[in-house]
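Let me begin by presenting the structure, written as structure tokens, before commenting on it.
Just so you know, all these numbers are worked out from the coordinates, no wet-lab data involved. Computed from a predicted structure; not experimentally measured. In this analysis, Cβ positions are derived from the backbone assuming ideal geometry, glycine residues included, and neighbour counts consider all displayed protein chains.
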Amino acid sequence: MLPPIEDDKSAIRMLVENWALWRDAGDWERFATVWHPTDGWMTATWFQGAASDFIAVSREAFDRGVNILHFLGGHTSDVVGDRAIAQTKMTINQRADLDGVTVDVVCTGRFFDFCARHEGAWKIVRRQPIYEKDRLDVVDPATTVSLDPELLARFPAGYRHLGYLQTKAGFTVKPGLPGLTGEAVEHLYDEGAKWLAGSPSPGNPR
């Protein structure tokens with residue numbers, strides 16, 4: 001039998017995996033169960049708000065054919081009582097037409113999750129992705145696409161091409177989200193430490 005702390009870490013890892021699998025599959029009823037029922041909050045390049053609203057807009061986009069997929073890698077978590085901070089390596093993959101050319105953008109980073117035990121089960125209270133680097137590729141190598149350097153420069157290096165593609169697709173992309181280094185990610189780490197120390201809220205989502 002695993003020690004209790006390892007049971008918690010295993011359950012949190014499963015929680016994170018369920019998020020990606022159920023969201024990408026459009027399994028919205030089960031996807032809703034990964035979030036804290038009253039305090040769930042999601043931040044993404046194109047969305048910032050309550051988990052219930054994120055589920056609704058994700059479902060709407062899924063039904064319209066918006067293609068955003070996730071792949072998970074290494075994972076770690078720090079557990080203190082009924083709270084935890086989880087970090088999981090991930091990629092965000094989005095395919096869309098860009099000025100008439102089908103392209104893929106792959107963004108590499110981490111999910112930084114504020115978690116809490118609710119009625120005996122671990123739930124995500126707040127998810128903040130950390131965007132480390134990205135790239136854009138044409139799907140058909142016989143085609144080319146030209147990027148507007150002024151629009152591209154609006155976004156930080158960690159999600160520059162993702163922000164470009166999403167803006168072209170009609171989304172409003174938030175600037176200043178955490179990257180591999182810098183003030184934004186250091187602030188996020190500080191919020192995580194305070195959450196584990198008993199802060200009444202999981203920081204101030206950007």
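For the stretch 92-206, the average shadow cast by the Cα convex hull is 8.6 nm², which is a quarter of the hull's surface. Take the Cα radius of gyration of the chain and divide it by 2.2 N^0.38 Å, N being the number of residues; the result is 1.04.
Within the chain, the whole DSSP H helices whose Cα atoms reach 30 Å or more along their own axis and whose mean Kyte-Doolittle score is at least -1.0 are 4-25. For the chain, the relative contact order is 18 percent, taking Cα pairs closer than 8 Å that sit 6 or more residues apart in sequence and dividing their mean separation by the residue count. Between VAL101 and LYS133, take the C-beta separation as r, use R0 = 22 Å, and let me know the FRET efficiency to the nearest 0.05. Once rounded, the FRET efficiency stands at 0.50. In order along the stretch 75-89, the phi-based Karplus estimate (6.51 cos²θ - 1.76 cosθ + 1.60, θ = phi - 60°) of 3J(HN,Hα) comes to 9, 8, 8, 10, 10, 10, x, 9, 10, 7, 10, 10, 10, 9, 4 Hz; Gly and Pro are listed as x.
Taking label points 7 Å from Cα along the Cα-to-Cβ direction, PHE71 and GLU6 give a separation of 3.0 nm. Report for the stretch 4-194 the percent antiparallel among DSSP-assigned beta bridges with both residues inside it, nearest 5. So the antiparallel bridges in the stretch 4-194 amount to around 90 percent.
Segment ASP140..VAL57, full-extension length gain: 26.9 nm, with 0.36 nm per residue of separation and the alpha-carbon distance subtracted.
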